[in-house]
1. I'd like the full set of residues that are surrounded by 14 or more Cβ atoms within 10 Å (Cβ to Cβ), assigned to a loop (DSSP other than H, G, I, E, B), over 15 Å from the mean Cα position of the chain (by Cα) and of a type in the set (Gly, Ala, Ser), limited to the stretch 103-152.
2. Check Ala181, Ala160 and return the single one that is in contact (Cβ under 8 Å) with a residue 60 or more places away in the chain, surrounded by fewer than 16 Cβ atoms within 10 Å (Cβ to Cβ) and among the small types (Gly, Ala, Ser).
3. Can you tell me which condition Ala187 does not meet? The list is (1) under 20 Å from Thr68 (Cβ atoms); (2) surrounded by 21 or more Cβ atoms within 10 Å (Cβ to Cβ), and all the others hold.
4. Restricting the search to the stretch 79-124, which residues are among the polar types (S, T, N, Q) and more than 13 Å from Met146 (Cβ to Cβ)?
5. For Val100, work out the one condition from (1) within 14 Å of Leu57 (Cβ to Cβ); (2) modelled with pLDDT of 90 or more it doesn't fulfil.
6. So the check is Cβ under 7 Å with 6+ separation or different chains; which pairs have a first residue in the stretch 41-56 that's outside the structural domain of Val219 (by TED's automatic domain parsing) and more than 21 Å from Gln230 (Cα to Cα) and a second one that's at pLDDT 90 or above and in a loop (DSSP other than H, G, I, E, B)?
7. Do we have any residue at all in the stretch 201-218 that's touching a Leu at 6+ places or on another chain (Cβ under 9 Å), surrounded by fewer than 14 Cβ atoms within 10 Å (Cβ to Cβ) and over 30 Å from Thr126 (Cα atoms)?
8. Among the candidates Ala144, Ala95, Ala73, Ala88, single out the residue that is of a type in the set (A, V, I, L, M, F, W, C) and out of contact with any strand residue (DSSP E or B) (no Cβ under 8 Å at 6 or more places or on another chain).
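The values are calculated or read from the model by the stated rules, or taken from the named source; none is laboratory data. Computed from a predicted model, the values in this text were never measured in an experiment. So basically every Cβ, Gly included, is an ideal-geometry build from the backbone, and we count neighbours across all protein chains shown.
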Amino acid sequence: MHRTRLSLALAAAAIALVVLPSPSRAGEIPNALIVLEVAPGTPGSDPKAVAPPRLVLLEDGQVFVGGTGRLEAGKLEKPEQQALRRSADVVRKAAGGDGVFAFPGEGTRSVYLRLPEKDKPPITITGDPDAAAPDQAPVAAALAQMLRFDHPSLQPYKPASYALSAREERLSGGCRAWGFAVPLEQAAAAPVVVSGAEADGWPSGAWPASVCAGDKHYVVTLRPLLPGEQP
């Protein structure tokens, strides 16, 4: 994905945020210092899917920036890493002990911030940052820096593996034949890991595919996995 198009998609996520009753989450990402997740909302995406994380910063300075379907990867210098961590810390402190920060207004999407804090749930950000009260301006700015993050080092990331999920449901239009080594019923029971080679040519992230098997129809999604991540 071209970085300009990806950046525009990231900026759009800052417009409206709201809590969902049961948030979807990526798997645990080893050595992650920041994991920022946004619920799928692009027209045509699967609202029940787990989209790639919007932003991930690892301990070694690797950074991943995601959209609805794909990821870009880059590497940050120490000062750049520290700037991102300061932004995350602003949001964490503002959320307080209950892990929730509310801007005024309503929206259509949800944002979750996960930090390496044991036994604590993700921080949930609700409302519209553009409607932030004056005393909320530092939090809105910190969140915008993470949601709209861009960097010259970012390049398309080619995952070694994907988390494959399936559920019995019909999508409009045609459908594909099942082409994976793992049985379809197994993927419908719980997410399974498939190789990047197997996933080649399939939609990824929150973009769904329709699969027909006999008289049944399935919605299939393939979430790119980061290094060491499990579904």
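1. Across the stretch 103-152, the qualifying residues are Gly105, Gly107, Ala132.
2. Ala160
3. (1)
4. Within the stretch 79-124, Gln82, Thr108, Ser110, Thr124 meet the criteria.
5. (1)
6. Short answer, once both residue conditions are applied: Thr42/Thr68; Ser45/Thr68; Ser45/Ala206; Ser45/Trp207.
7. Yes; the residues of the stretch 201-218 include at least one that is touching a Leu at 6+ places or on another chain (Cβ under 9 Å), surrounded by fewer than 14 Cβ atoms within 10 Å (Cβ to Cβ) and over 30 Å from Thr126 (Cα atoms).
8. The unique qualifying residue is Ala144.
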